[in-house]
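K.L.:
The following block contains the structure, expressed as structure tokens.
Values quoted throughout were computed directly from the atomic coordinates according to the rules given, and no laboratory measurement underlies them. Predicted model, so just to flag it, every value in this text is computed and none were measured. All Cβ positions, even for glycine, are placed from backbone atoms using ideal geometry, and neighbour counts span all protein chains on display.
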């Protein structure tokens, strides 16, 4: 092959490969993209319906409940303003603790309970998932300023 | 006192690094031999001072010097000695110092084994490495000083993260860093070639062993990390498409492409500017990986604590390196390309396809890793891309890749006539297809299209890779054998085959089950019976644990006893799962303790993982292939010849 043709071949193949990859990528992206939704938004009903998303916050102290001898657990997750009940079946991560940060993957059922299929706890003492930290900081600030967040008043539900 | 010596040595190393960068580069530009000679001396000196600094930090850990902030945060009196040493690189400051030490060691190695390089070229290579070292030393001294004092000193330290207290993790970061940093050598060779405007086949021959060596270490480092995640994180997965895993995987993919492209440049003098671009990309991706880990902008197991100044520094450094290298590339590369042609059916074509597919694979991983960041910046929405996407997307370039590997190995350079080629391929292709059906259907009892494709592709590569190895072994006595390069290449591809087989089988036939289990009770998973014999308390040096004794039986016959633990580390009060694994070449049986469920029972995660060892075995074999290829005679003969000539020249004036 002449160098010129070679280059054309290379460019052609590369373009073809990239086009196929880009097409497949974009299609698959839609299905696998998982949004992080703040708990206050979940409580207000602003969450993707009929698909999985992530929530994150602190595990409410004293909310962890487990049926004896069963793998089913339930607990509440809060962003300090609102909270959402979560149910999960399986082994909880080592770093899962009441009062600590947690991220859950799953979807909301019709009763407003978050059915988690994956639970992730923070990985070490210094570390909290950035989106959880952001969400908590925002709500703690709002509380300090005592400015209504515009969302639903959740404090009453919690107590 | 000793920590201050370490700090001081680091500053001296910086001044030597500046020397090592500026003087030889200027010398090479002016043709001043005296200035060029500074390169090797400065590199040696810089290495010594960094080694002193590193030794000081190790000393601080071993002697429990809790007046040093970094030690106080990451060590503890009762920490076993091995982990006191590995704690040195257990967090940001120390691992950065180790990065710098490894860069200096690579530079020293280049300086020592470059006697066959033209003086000006060696000076440029060492000078460029010096520039990189300046960047990293500044980073350490300005933003991440490991020797910072803590006043007043702490009585005891905060302990090393229990996840990191594991022998596998003690050596995973060093291996990975040797690989990462090793690509800086290929980068420096590329920059030196562009500075001098000379790039011929000899250049490729110089660059190849260094690149292969770095790639080999990176392969081992990634495999070890994957193995560690499997047994230590207690999840039983071997790859999570975690951002930081991806960060080490992308340089590996590009490094693999670079090795293949260098082969073409050496043998045929082709793909020159492409090779340069890959060398630049491989190192840039290593830097990008560092940025992702250090800045904490990405959610990951590995991400260290967030620090915007560090992230900003490393991003600036990345920008300077990438933009600088690309500007040089745009200016010089067009002049380098040669006008040699090759046939449509030729090894060059296959290597070209290999490169295209590997680059596409890298691009996919890059898109998946960075798109959450891009989308957040653009829309404020926080998304994540799950492993299912990566798994699916990654197959698109890799399935054709593994099929083409088997063909390309048996194709001649320049041009290959079709009929003998087809004859060579015919029998192995049929055998691979048969095996592709037989392995899933008769060994594991189920088959699907993807399974047949995976198993057939694995068998295909294994057969094609074995042909040259068998030939080489047969010809051992007598006629000129097959070169180590060819054997190394075949062994590495054999590793790919084993890896593909392992991945296909374990992802299709692995069983994972979370169950409740109490002492005396037994449950069945994947045809095996797991009985909990009892629970006991055990004590370690810095933890206490509950240990379960679990007996595994198959058809009432005893198979093994595993002892998974739930550990409580005393200082950090953190819980850790130590899985009990019965490992075998054909399968792993994996039991991890979950939580206490009240009434005396525990949740356990039980897994059956067929052929999972092939994944790491495959990586090991790939690395072995690299090692064999590096030992090829042509790299050494040349060196010896040149060394002799240099020796003679040195004697003459004396």
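K.L.:
Quick one: plug the Kirkwood hydrodynamic radius of the stretch B:525-596 (C-alpha pairs) into Stokes-Einstein at 10 °C, 1.306 mPa s, and report D in µm²/s.
P.N.:
121
K.L.:
Between residue B:328 and residue B:11, how high is the FRET efficiency from 1/(1 + (r/R0)^6) when r is the Cβ-Cβ distance and R₀ = 45 Å? Nearest 0.05.
P.N.:
0.90
K.L.:
Once the Cβ-Cβ distance between residue B:511 and residue B:448 is put in as r, and R0 is 25 Å, what FRET efficiency do you end up with, to the nearest 0.05?
P.N.:
Working: r = 17 Å, r/R0 = 0.66.
About 0.90, to the nearest 0.05.
K.L.:
Most exposed first by the Cβ proxy, i.e. fewest other Cβ within 10 Å, how do B:119, B:93 rank?
P.N.:
Least crowded to most crowded, the residues run B:119, B:93.
K.L.:
What list of whole percents do you get for P(r) of the stretch A:30-134, with Cα-Cα distances grouped in 10 Å bins up to the one holding the largest distance?
P.N.:
15, 52, 29, 3
K.L.:
May I have the extent of the alpha carbons of the stretch B:507-554 along their three principal axes, as whole Å values ordered from largest to smallest?
P.N.:
So the three principal-axis extents are 40, 27, 18 Å.
K.L.:
Cα gyration tensor of the stretch B:67-120, axes a ≥ b ≥ c as square roots of the eigenvalues: rounded (a/c below 1.5), prolate (a/b > b/c) or oblate? Each step should come with its number before you reach the end.
P.N.:
Numbers: a/c = 5.50, a/b = 3.16, b/c = 1.74.
Since a/c reaches 1.5 and a/b is larger than b/c, the shape of the stretch B:67-120 is classed as prolate.
K.L.:
If you don't mind, there's one more thing I want to ask. When the Cα atoms of the stretch B:485-627 are enclosed in a convex hull and the volume is divided per residue, what value in Å³ results?
P.N.:
133
K.L.:
Given 0.36 nm per residue, what is the gain on full extension from residue B:558 to residue B:150 after removing their alpha carbon distance, in nm?
P.N.:
Roughly 141.3 nm would be gained on extension.
K.L.:
Turning to a different aspect of this structure: Average projected area of the Cα convex hull of chain B, in nm²?
P.N.:
34.2
K.L.:
Using only the Cα atoms of the stretch A:1-79, what do you get for the radius of gyration and for Dmax, in Å?
P.N.:
Both quantities, over Cα of the stretch A:1-79: 24.2, 75 Å.
K.L.:
Determine the shape class of the stretch B:26-104: with a ≥ b ≥ c the square roots of the Cα gyration tensor eigenvalues, call it rounded for a/c under 1.5, and otherwise prolate if a/b is greater than b/c, oblate otherwise.
P.N.:
prolate
K.L.:
Apply the a/c threshold of 1.5 to the C-alpha gyration tensor of the stretch B:342-442 and tell me whether it is rounded, prolate or oblate. Spell out each step's value before the answer.
P.N.:
Working: a/c = 6.53, a/b = 1.81, b/c = 3.60.
It is oblate, given that a/c is not under 1.5 and a/b is not larger than b/c.
K.L.:
Applying 1/(1 + (r/R0)^6) with R0 = 56 Å to the Cβ-Cβ distance of residue B:483 and residue B:599, what FRET efficiency is obtained, to the nearest 0.05?
P.N.:
Step by step, r from the Cβ atoms, then E = 0.25.
K.L.:
Another question, if that's okay. How long are the semi-axes of the equivalent ellipsoid of the stretch B:88-142, taking √(5λ) for every eigenvalue λ of the Cα gyration tensor, in whole Å from largest down?
P.N.:
The answer is 26, 12, 5 Å, longest axis first.
K.L.:
Counting pairs of alpha carbon atoms under 8 Å apart in space and at least six apart in sequence, what relative contact order in percent does the stretch B:180-247 give?
P.N.:
29
K.L.:
Could you work out the relative contact order of chain B? I mean the mean sequence separation of Cα pairs under 8 Å and 6+ apart, divided by the number of residues, in percent.
P.N.:
It comes to 11 percent, rounded to a whole number.
K.L.:
In addition: Using every Cα-Cα pair within the stretch B:315-378, state what percent have a distance larger than 20 Å. Provide the component values of the computation, followed by the final result.
P.N.:
Working: 1220 of 2016 pairs.
That fraction is 61 percent.
K.L.:
Now for a different question. How many nm is it between the label spots at residue A:20 and residue B:469, if each spot is 7 Å from the Cα in line with the beta carbon?
P.N.:
Going from the residue A:20 label point to the residue B:469 one covers 2.9 nm.
K.L.:
Count, for each residue of A:29-42, the Cβ atoms from other chains sitting within 10 Å of its Cβ, then give me the mean as a whole number.
P.N.:
4
K.L.:
Binning at 5 angstrom from zero up to the longest distance, how are the C-alpha pair distances of the stretch B:51-154 distributed in percent?
P.N.:
Taking all Cα pairs of the stretch B:51-154, the binned fractions are 2, 13, 20, 19, 14, 11, 9, 6, 4, 2, 1 percent.
K.L.:
For the peptides B:204-210, B:537-543, what is the packing order when you average, over each peptide's residues, the other Cβ atoms within 10 Å and list the highest mean first?
P.N.:
For the peptides B:204-210, B:537-543, the packing ranking is B:204-210, B:537-543.
K.L.:
Taking each residue of A:67-75 in turn, how many C-beta atoms of other protein chains fall within 10 Å of its C-beta, and what is the average?
P.N.:
So the per-residue partner count for this stretch is 4.
K.L.:
Continuing with the same structure: Give me the distance in nm between label points sitting 7 Å out from Cα along the Cα-to-Cβ direction at residue B:378 and residue B:544, one decimal.
P.N.:
Between residue B:378 and residue B:544, the simple spin-label model gives 5.5 nm.
K.L.:
Shielding by partners for B:343-355, please: the mean number of other protein chain Cβ atoms within 10 Å of each residue's Cβ.
P.N.:
For this peptide, the per-residue mean of nearby foreign Cβ atoms is 2.
K.L.:
Determine the relative contact order of the stretch B:11-154: mean sequence separation of Cα pairs under 8 Å and six or more apart, normalised by residue count, in whole percent.
P.N.:
Details: 198 pairs, mean separation 56.3, N = 144.
Relative contact order of the stretch B:11-154: 39 percent.
K.L.:
Right, another one. Rg and Dmax of the protein assembly as shown, Cα atoms, in Å?
P.N.:
28.3, 94
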